[in-house]
Structure formats: structure tokens, C-alpha cells
Amino acid sequence: MAEPIRIGYIDLSFHQASALEVGRILQTFGHEVIYNAAPHEAAFERLGRGESDIFASAWLPSSHEVYLAPMLDAVDKLSVIYKPYCIWGVPDYVPEEAVSGVEDLLKAPALSRMERLIQGINPGAGISRFSAQMIKAYGLDSAGYYFEPGTESDCFGRYEQAVAAKKWVVIPLWHPQFLHNRYAIRALKEPKGLLGVQDEATLLVRKAAQKKINPAALAALSSLYIGNARLSALEDDLRKSAA
């Protein structure tokens, strides 16, 4: 009996959504699949140890290159399945003429209306690393703004509660992400470029694992493209089905 294909991914729901799409393709070619989720650093460490055969996916170059670098020679890049990028966003009811960029957080009316806590997800995420740097680089701490890492629930739940109350709030976020499927979130201009560039969400396969994957399945995965909007919708569906 053929060995199952182990699909590794970072333990966040949008990565899970993309991993499930990869799994569905493998299953159509007769493969059994096992999913293998862990936080950012640990997920890449598992890939490096050979505990995952396929990884969905590495955001390159900005967010995850630092984690992938030690094992780069052991993997092949199969395809770019979407093109993520990080933002600091505000609800669309915050007037753009009042707050169009990060620097506007230090001016009126943001100083009197904006929530000071910028709630993030886990500290290993690229958006969390970038956001912590931005607090100091833009001098936001001088006005009482502060970044805190946390869980997905901390970050996304706080945003949804703020929107329900029409509060002014900044969310450190990215595309694709399920909140974009529910709300109009406007990205703030970030002139220092600390949020990185648009990444390529790259599907990886360990070179040593390729021999156990159907060549037709590898070819199908090599042409897989999900896209930001579709992945946001897939993640939203996944979350609603789990609720």
C-alpha cells in the first residue's frame, strides 16, 4: 500500500484552507493524505526534518525566507498558489481624508478616536514582526500605541467587535484573509516599506518525497493557482463550517 502524503502547513486557518485544496488534488490521483499543522517556526522545522512531504505554503521572500533558508537545498518549488501581502488596515467607515496612512495615526482626529492597542496574531508571523518594528519606527509609542501578539481569536475577534461598535481601530492583517470576505478593510499607506513586499505563496515539495507522488499529481500541483480572493472565500467557508 502506498505511503500517505504528509501535507505540512502553518497552523492558521487560511493556510489550512490552501492545504485542503492541495490535499483534494492529491486525493483525486488516489493518494491518502495526512495534514500536519504547527506554528510558523515549528512548521518549517518539521519540513526540514522530513516530517512533511509537501508544504502549503512558504511566503517568499519577505515573511518566511528566514525559516526556509536552512533547508532550501532539500526542497523544490512547485508553484505559486496566491500572492499575499501584509497591511495595516482600518474599517472603511474611518474617513480616508482623516486617516490615509500610518503617519496620520499621530494627528487629529485619530489621536482622539483611534484605539491604541494594535492586536496581532502569534509573534512568529511576518506581520507580527513587521508591526512591532513599525511602532518604534513611526514613533507611535510616543502617542500610546502598542502592539501585542496573540491568538487568531484575539486579533480577529477584537476587530469584529470594534466594527460592531463602530470604533476606530487598526488591524495588522494580510491578503488573503477571511475578514476581507466579510468587511471592506482599507489599507493604510506605509511609506517606510516595513510591511515587506508582495510575497509569493510557494508550494514546496521535499526532493526526497517526490518519488512517492504520482507524476500526474505533481504536474497538477505545479499548475495550481488559488488566488487571493478565492482563498479569502475558502477560509471564510472553512470558519463558518467549523462554527
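The values are calculated or read from the model by the stated rules, or taken from the named source; none is laboratory data. Not measured: the values here are computed from a predicted model. No Cβ is skipped: glycine too gets one built from the backbone with ideal geometry, and neighbour counts run over all protein chains shown. Only protein heavy atoms, including side chains, enter the accessible area calculation; ligands, DNA and RNA are left aside. Shrake-Rupley method; radii C 1.70, N 1.55, O 1.52, S 1.80 Å.
Side notes on the structure shown:
- Among residues other than residue 178 with Cβ under 14 Å from its Cβ, the summed charge is -1 (Lys and Arg +1, Asp and Glu -1).
- Each of 222, 241 has its accessible area taken with a 1.4 Å probe; listed largest first, they run 241, 222.
- Here region 176-195 is scanned for amide nitrogen atoms under 19 Å from the site 7 Å beyond the Cα of residue 164 along Cα-to-Cβ, giving 178-185.
- By the equivalent-ellipsoid construction on the alpha carbon gyration tensor, the chain comes out with semi-axes of 36, 18, 14 Å, ordered largest to smallest.
- In a DSSP loop and with at most 12 other Cβ atoms within 10 Å, the trypsin sites (Lys or Arg not before Pro) in region 192-230 are 192.
- Amide H contacts of residue 120 (H built 1.01 Å from N, in plane; Pro and chain starts excluded): 148, 150 sit under 5 Å, all sequence-distant by 5 or more or on other chains.
- Overall, region 127-180 carries a charge dipole of about 160 debye about its Cα centre when +1 sits on the Cβ of Lys and Arg and -1 on the Cβ of Asp and Glu, all other atoms neutral.
- Multiplying the residue separation of residue 241 and residue 192 by 0.36 nm and subtracting their alpha-carbon distance yields 13.7 nm.
- Candidates 108, 43, 74, ranked by Gaussian network fluctuation over the chain, Cα under 10 Å, top entry: 108
- Mean-square fluctuations from a GNM of the chain, with a 10 angstrom spring cutoff on Cα atoms, peak among 52, 131, 112 at 112.
- Counting only Cα atoms, the size of region 60-202 along its three principal axes is 52, 31, 26 Å, in decreasing order.
- What the phi angles of region 108-122 give under the Karplus curve with 6.51, -1.76 and 1.60, with θ = phi - 60°, is a coupling list of 6, x, 4, 4, 9, 10, 7, 4, 7, 6, 10, 8, x, 9, 5 Hz, glycine and proline written as x.
- Extension gain for residue 154-residue 229 works out to 24.6 nm (0.36 nm per residue, less the C-alpha to C-alpha distance).
- At 1.567 mPa s and 4 °C, Stokes D of region 50-102 from Kirkwood alpha-carbon radius, µm² per second: 90
- Accessible-area ranking of 160, 45, largest first, probe 1.4 Å: 45, 160
- Gyration tensor over the Cα atoms of region 11-108: the corresponding equivalent ellipsoid has semi-axes (square roots of 5 times the eigenvalues, largest first) of 35, 17, 11 Å.
- With each label modelled as a point 7 angstrom along the Cα→C-beta vector, the residue 107-residue 142 pair spans 1.5 nm.
- Computed over region 125-243, the ratio Rg/Rh where both radii use C-alpha atoms and Rh is Kirkwood: 1.06
- J(HN,Hα) series, region 44-56, from Karplus relation 6.51 cos²θ - 1.76 cosθ + 1.60, nearest Hz, glycine and proline x: 6, 4, 5, 4, x, 7, x, 8, 10, 8, 10, 10, 10
- Amide hydrogen neighbours beyond the local backbone of residue 168, cut-off 5 Å, H modeled: 115
- Value in Å of the Kirkwood radius, where region 148-201 supplies the Cα pairs that are averaged: 12.8
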